[in-house]
Amino acid sequence: MTKVADRTLPDRIYQAALDLQHRHSDPLCAYIYDLDSLRNHVQAVVECLPPQCEMFYATKANPALPLLKTLAPWVHGLEVASGGELRWVRRHFPELPVIFGGPGKLISELKYAVQSEVELIHVESLLELERLAEVTKKARKTQKILLRINLSLPDMATTSLTMGGVPTPFGMDEDTLQQVLSLLTRASHLELEGFHFHLMSHQLDPDRHLALMRTYMRRVRQWESDYSLRIGQINVGGGIGINYIEPEQQFNWPYFCRELAGLLAHEASPEWRIRFECGRFLTAACGYYVTEVLDIKHSQGEAFAICRGGTHHFRTPAAQSHSHPCEVLPLSVPAVNPSSGLHNQAITFVGQLCTPKDVLARQVRVPVLRVGDLVLFTYAGAYAWNISHKDFLMHPSPVEHFLAAR
Ligand SMILES: *Cc1c(COP(=O)(O)O)cnc(C)c1O
């Protein structure tokens, strides 16, 4: 059974939630983003990086402009995975280095990427390489690329979101490398800068991640020697996870970085730049989904709290099939109908959708819960609002509130 955390959030989050509640006549549902803590977090993450490493932000985790603006001074650049994201970041951050990855890139998107001088394109297939060779030749522009390789790692300990090491639609198999490289020698306007790997998301174990980094480096060394290549960069992807189940136990980034420094000293060529492109790990913690309890019901022995909004705003728990961590912020005024309140019971928090899948957290033990209380779901800053099926049932969108960085 999930236990609801004691009040652990910064006071300004509670205060912002209560202020928003007071300002709205209807019961509240809102996203609150703490840009101050985002700035501190990204700064600390980047400062830990060993020499020759860089941190890009994977825009798809959350492309909201205030978040990107907060991240921009600290990260080395932005990773985009569609023409839409590319236009968005080019419009708002024309001077930031941009890298373009993702499967199924359109020819029009490749053209735009070349034209708008993205630093690198991560090539995902042989056909994409042929298309890009054509596009660059016609445009008479040289484009640097990374080849995304899906290593075969049968013994790899997988996470809940495996992007490679097993059959997936991402990247190219290692055994096509010979063919890919021979095509490249004929592509007059493409320059091979290195290799790209992104084999998993939700990684919570730094030692396993270090083992993966070691595999990447050894493999690239091998290819350098097998194919007489000189590689300038290895993109090691994102995938550092957030522990939603035990939120007090997050990925130990400082430890990972210290060990990585040792690993680089042994395994890396000094010529290589090692680039991360993290999404979830950078922005998840700064966001909160706040919802007001509308009704409390009992059904066949179980208690349900029906909350304003639901998974059409906050799809993360449904997408991950987990109970999302939350805290209850009690009403600041006496309850209208105190008799409907619950005391020290396990409660399932659901939204307003007419589907049994609209569950935000199951069987959460809460000391007291009343209609009108606010429930704050933490770690809602990445893959949350932007992945939600917002039009389902035509409920209004949540309020979005950005607490400015100080
Ligand atoms: C989604 C994605 C990322 C970011 O993944 P996180 O788990 O959010 O860090 C990085 N690289 C690629 C290729 C991706 O598809």
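A few points about this structure:
- Near pairs, Cβ below 6 angstrom, 6+ apart or cross-chain, from segment 199-218 (assigned by TED's automatic domain parsing to the domain that holds residue 150) to any residue that is polar (S, T, N, Q) and open to solvent by 10 Å² or more (accessible area, probe 1.4 Å): 200/159; 200/162; 202/159; 202/160; 203/159; 204/243; 206/252
For every residue, the table says whether it meets (1) loosely packed, with under 15 Cβ neighbours inside 10 Å; (2) in contact with a helix residue (DSSP H, G or I) (Cβ under 9 Å, 6 or more places away or on another chain).
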site: 292; (1), (2): no, yes
site: 326; (1), (2): no, no
site: 342; (1), (2): no, no
site: 360; (1), (2): no, yes
site: 365; (1), (2): yes, no
site: 369; (1), (2): no, no
site: 380; (1), (2): no, yes
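- Scanning segment 48-63 for residues that are more than 22 Å from residue 316 (Cβ to Cβ) and not acidic (Asp, Glu), we see that the one that is nearest to the ligand (Cβ to nearest atom) is 56.
- Scanning segment 6-62 for residues that are closer than 20 Å to residue 307 by Cβ and open to solvent by 50 Å² or more (accessible area, probe 1.4 Å), we see that the one that is modelled with the lowest pLDDT is 7.
- Unmet requirement for residue 95, which otherwise passes all of (1) open to solvent by 10 Å² or more (accessible area, probe 1.4 Å); (2) within 12 Å of the ligand (Cβ to nearest atom); (3) more than 15 Å from the chain's Cα centre (by Cα): (2)
- Hey, residue 216 open to solvent by 20 Å² or more (accessible area, probe 1.4 Å), aromatic (Phe, Trp, Tyr), over 30 Å from residue 378 (Cα atoms) and out of contact with any Lys or Arg (no Cβ under 8 Å at 6 or more places or on another chain) or not: no
- When segment 257-289 is limited to residues that are away from the ligand (no atom under 13 Å from the Cβ), buried (at least 16 other Cβ atoms within 10 Å of the Cβ) and not hydrophobic (A, V, I, L, M, F, W, C), the one that is farthest from residue 325 (Cα to Cα) turns out to be 267.
- Residue pairs whose Cβ atoms lie under 7 Å apart, separated by 6 or more positions or on different chains, with the first residue in segment 308-323 and of a type in the set (Lys, Arg) and the second open to solvent by 40 Å² or more (accessible area, probe 1.4 Å), are 308/27; 308/294; 308/352; 315/387; 315/389.
- Residues located in segment 136-150, provided they are in contact with a strand residue (DSSP E or B) (Cβ under 8 Å, 6 or more places away or on another chain) and farther than 17 Å from residue 98 by Cβ: 147, 149, 150
- Hits in segment 245-255 (condition: in contact (Cβ under 8 Å) with a residue 60 or more places away in the chain, surrounded by 14 or more Cβ atoms within 10 Å (Cβ to Cβ) and more than 20 Å from residue 384 (Cα to Cα)): 253
- Residue match in segment 383-391 (condition: open to solvent by 10 Å² or more (accessible area, probe 1.4 Å) and among the aliphatic types (A, V, I, L, M)): yes
- Helices (runs of 4 or more DSSP H) wholly inside segment 18-118 that include at least 2 residues being more than 21 Å from residue 197 (Cα to Cα) and of a type in the set (D, E, K, R): 35-48, 83-92, 107-115
- Taken residue by residue, segment 235-244 has at least one member that is more than 16 Å from the chain's Cα centre (by Cα), of a type outside the set (Gly, Ala, Ser) and buried (at least 16 other Cβ atoms within 10 Å of the Cβ).
- Residues in segment 64-80 that are surrounded by 20 or more Cβ atoms within 10 Å (Cβ to Cβ) and within 16 Å of the ligand (Cβ to nearest atom): 67, 68, 71, 75, 77, 78, 79, 80.
- Unmet criterion (only one of (1) touching a strand residue (DSSP E or B) at 6+ places or on another chain (Cβ under 6 Å); (2) modelled with pLDDT of 95 or more) for residue 73: (1)
- Flag: residue 224 does not match the condition of being away from the ligand (no atom under 16 Å from the Cβ), over 16 Å from residue 149 (Cα atoms) and charged (D, E, K, R).
The values are calculated or read from the model by the stated rules, or taken from the named source; none is laboratory data. Keep in mind it's a predicted model, so treat the numbers as computed, not measured. Note that we place each Cβ from the backbone using ideal geometry, even for glycine, and neighbour counts take in every protein chain shown. For the accessible areas, the whole protein counts, side chains as well, though only heavy atoms, and no ligand, DNA or RNA atoms are used. Shrake-Rupley method; radii C 1.70, N 1.55, O 1.52, S 1.80 Å.
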